[in-house]
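The next block holds one structure in the form of structure tokens; read it before the comments.
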Amino acid sequence: MNKQTITMLEYNKIKENLRSFAMNAATKGVIEKLEPSSDLSIIKSWMLDTTEAKLILEKSASVPIANLNGLEQVLEIPKKGLNLSPEQLTLIYGLLENVTRMQRFMKDKNFLAPAVSTYAYSMFDLGDLRDEIYRCIRNGRVDDHASKALLKVRKKIAVVEERIKSKLDHMMKSAAYRDMLQDPIVSMRDGRYVIPVKSKFKRNIDGQILDQSSSGATVYMEPNDVRKLQTEISMLRAEEEIEISMILGILTGMVAGYERELHITIEAMIHYDFIFAKAKYSRTMDARVVEINQDNRISIHNGKHPLLGEKCVPLHFNLGENYQSLIITGPNTGGKTVAIKTVGLLTLMVQSGLHVPVGEGSCFAVFRELFVDIGDGQSIEQSLSTFSSHMTNIISILKNAGPQDLVILDELGAGTDPSEGMGLAVAILEKLYSKGSMILATTHYSEIKEFAALTPGFENGSMEFDLETLQPMYSLTIGKAGKSQAFAIATKLGMEKEVIHRAQQITQKESYPHVDNEVLGMFSTEGFEKITHLRDNARSKVKNQIKKPQKAESLQNAVFQIGDRVFVSSLKTAGIIFELENNQGEFGVMVENQKHYIHKKRLKLHIEGKMLYPENYDMDIVFESKENRKKDKLMKKRHIEGLSIEREET
């Protein structure tokens, strides 16, 4: 969709609202890049995700989405030759733990949400990496039992520390040192144990001064009795750091080995975060799934502008059934612009796979493009530049619009001489109609109302107005032309009857003979046959190009591909194609970790593999056991005597 349409219909505000339901920064980035699609199959897939995710939320509000913030940066660290820290490894462990939870969570959602639950299988469990991180990293540090060498050195450190504390404790309690000490407290300076000695007694204690207080009254001394022990402990700590570095290096190497799998898992978790954000947004708006078509039919029942919420009046709207162009008229601030914006924005949302706040039975068309020209605030000083700006935009629309497009025009022909503006408006409408476009326009020109009433394919619509309260009712009525209500409003506000009467005379063109009273003659339908013929030609070309989506029934005879999810009628369950058709017309199907050969007549396509797995996905992860995959990886690196892969015969 073009940027002008996105801006004018405030589509970015929808994305901003949607972002607030995403947990991770990466998901918010995906939403930021979200754009409407014009591919019917893609839109249906997106919409199915939203619908199934919403069903899951209605059954279980808590979905185990992992915290992914910072993980992408963590996976870049091994590439720089650096070890991952315990905190960073804990983040990876958290992801893998969430994968296990998500797969467990989705296991019983197969019938409720067959498409969404299947995405869990595209994530990698990586149990060996998860278990190794859990074994080695506890509470943000390398655990004592991560290796025997680390356990041994830490026990030595504990023993030496205990001896140091014992000696220092003895000094604290000794009567010989009691008067020399400032406080009976052992502290540390530069990683070494010290005691606080009064400055005047510093020569009475054998030891080394490591620090002193700001006043100089206290010196912190390391007694010679513990100095050798502290040197020993420093050496042990160096050994500890070397062992910790080795352990972190091994874990970092494991993470680097699974870099591709981790990236795919992160992408899958981001996708889950995205579709559940759509589902949460749908629940907030009280929105629903709608029927989607390629027949240019829009039918909206009780539709609401998603940014106005409950305070807006529900919209009832139809286009594409009996007429292809709707001209809406009515007083200023009567809701004409809100009505056309609602139609446009809801269409963009549907083509983005989002639910929309409408009533049951609503349907939307899929358009190649939405072209929009909606005016901003009116200004006499800026009227020329405003008109020029609108004309520039409309010229671009006339060049690019076609039979698969919806064109939305607000106050068509405004901002210039009324007679010229009216003529331009009619000519523009005729041109767009001849190109096969669907048209939704608002106007104040009474002549255009007559044009819509007389011209095939066009229909009038009006915004209701309460003459008693002088307030717009913001309700659209199709099939009836609206009025500006200027005379009624002026009369109600107390304007003299003589002035109102004179205004009516002028409007009815009784006093100005130079005004053409044969205005209706301009809109003869005789010449419109050519325009209708051009429209029919444009529409027929598109119909021949549109590839009709395959219905589920016809997919039974489709050629299945490896990775496709199929329903096996004889087993009454679903499986994944692992081998293509053989001479007997049988496909290899994996069902619940068991491989079967089943005739194609007993198979029905459920979900295409390309919708389940990323491009170039390693299908061995699905079809091979973890043990065989490990063996395969080792055998690709080097020859190992006696190592073989055994696969069960099917």
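The values are calculated or read from the model by the stated rules, or taken from the named source; none is laboratory data. No experiment lies behind these values; they were computed from the predicted model shown. Heads up, the Cβs are rebuilt from the backbone with ideal geometry, glycines too, and the neighbour counts pull from every protein chain shown.
List of remarks:
- When T27, T100, T90 are checked against the criterion of being over 23 Å from I133 (Cα atoms) and of a type in the set (V, I, T), T27 stands alone in meeting it.
- Scope the range 409-445; condition within 14 Å of I327 (Cα to Cα) and acidic (D, E); matching residues: D410, E411, E430
Each row is one residue, and each column tells you yes or no for (1) surrounded by fewer than 16 Cβ atoms within 10 Å (Cβ to Cβ); (2) closer than 26 Å to K109 by Cα.
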residue: A574; (1), (2): no, yes
residue: G585; (1), (2): yes, no
residue: H599; (1), (2): yes, no
residue: K610; (1), (2): yes, yes
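- Qualifying position, being among the hydrophobic types (A, V, I, L, M, F, W, C) and in a helix (DSSP H, G or I), among I185, I157: I157
The rows are residues; the columns are (1) hydrophobic (A, V, I, L, M, F, W, C); (2) assigned to a strand (DSSP E or B); (3) modelled with pLDDT of 80 or more; (4) on the phi < 0 side of the Ramachandran plot.
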| residue | (1), (2), (3), (4) |
| --- | --- |
| Q550 | no, no, no, yes |
| S554 | no, no, no, yes |
| G588 | no, yes, yes, yes |
| M611 | yes, no, no, yes |
| D632 | no, no, no, yes |
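- Meets criteria (of a type outside the set (A, V, I, L, M) and under 30 Å from R565 (Cβ atoms)) for G140: no
- Residue within the range 258-281 that is touching a residue at least 24 places away in the same chain (Cβ under 8 Å) and on the phi > 0 side of the Ramachandran plot present: no
- Residues satisfying the criterion are absent from the range 51-68 (criterion: charged (D, E, K, R), within 20 Å of the chain's Cα centre (by Cα) and assigned to a loop (DSSP other than H, G, I, E, B)).
- Residue within the range 167-185 that is outside the structural domain of L84 (by TED's automatic domain parsing) and either within 60 Å of the chain's Cα centre (by Cα) or closer than 30 Å to L634 by Cβ (or both) present: yes
- The range 591-600, residues that are under 12 Å from V568 (Cβ atoms) and either modelled with pLDDT of 85 or more or not in a strand (DSSP E or B) (or both): E592, H596, Y597, I598, H599, K600
Okay, residues lined up against (1) surrounded by 14 or more Cβ atoms within 10 Å (Cβ to Cβ); (2) small (G, A, S); (3) within 58 Å of the chain's Cα centre (by Cα); (4) at pLDDT below 85:
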{"position": "R192", "(1), (2), (3), (4)": "yes, no, yes, yes"}
{"position": "V226", "(1), (2), (3), (4)": "yes, no, no, yes"}
{"position": "E241", "(1), (2), (3), (4)": "no, no, yes, no"}
{"position": "L248", "(1), (2), (3), (4)": "yes, no, yes, no"}
{"position": "A256", "(1), (2), (3), (4)": "yes, yes, yes, no"}
{"position": "H263", "(1), (2), (3), (4)": "yes, no, yes, no"}
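- There is no residue in the range 200-211 that is surrounded by fewer than 15 Cβ atoms within 10 Å (Cβ to Cβ), among the small types (G, A, S), more than 30 Å from L89 (Cα to Cα) and free of Cβ contacts under 8 Å to residues at least 40 places away in the same chain.
- Residue match in the range 305-324 (condition: at pLDDT 90 or above, in a helix (DSSP H, G or I) and under 25 Å from the mean Cα position of the chain (by Cα)): no
- Conditions (1) over 28 Å from L308 (Cβ atoms); (2) surrounded by fewer than 21 Cβ atoms within 10 Å (Cβ to Cβ); (3) not aromatic (F, W, Y): number failed by L34: (1)
- Every pair of residues 6+ apart whose Cβ atoms lie under 9 Å, when the first sits in the range 334-352 and is under 14 Å from V407 (Cα atoms) and among the basic types (K, R) while the second is assigned to a helix (DSSP H, G or I) and at pLDDT below 95: K341/M8
- Yes/no for N296 being on the phi < 0 side of the Ramachandran plot and in the same structural domain as S475 (by TED's automatic domain parsing): no
- Top-ranked residue in the range 88-117 [being within 15 Å of Y272 (Cα to Cα) and hydroxyl-bearing (S, T, Y); ranked as modelled with the highest pLDDT]: T100
- Residue match in the range 9-25 (condition: in a helix (DSSP H, G or I) and over 21 Å from L307 (Cβ atoms)): yes
- Qualifying residue in the range 474-491 (condition: within 43 Å of the chain's Cα centre (by Cα), farther than 19 Å from I340 by Cβ and not in a helix (DSSP H, G or I)): no
- Residue ranges of helices (runs of 4 or more DSSP H) in the range 78-154 with at least 3 members more than 18 Å from L262 (Cα to Cα) and in contact with a helix residue (DSSP H, G or I) (Cβ under 9 Å, 6 or more places away or on another chain): 86-107, 114-118
- Evaluation of E10 against (1) within 20 Å of M269 (Cα to Cα); (2) crowded, with 16+ Cβ neighbours inside 10 Å; (3) of a type in the set (D, E, K, R) (one fails), failing number: (1)
- Among residues of the range 524-545 being at pLDDT 70 or above and polar (S, T, N, Q), the one that is surrounded by the most Cβ atoms within 10 Å (Cβ to Cβ) is T532.
- Residue identified as in contact with a Lys or Arg (Cβ under 7 Å, 6 or more places away or on another chain) and at pLDDT below 90 among M473, M463: M463
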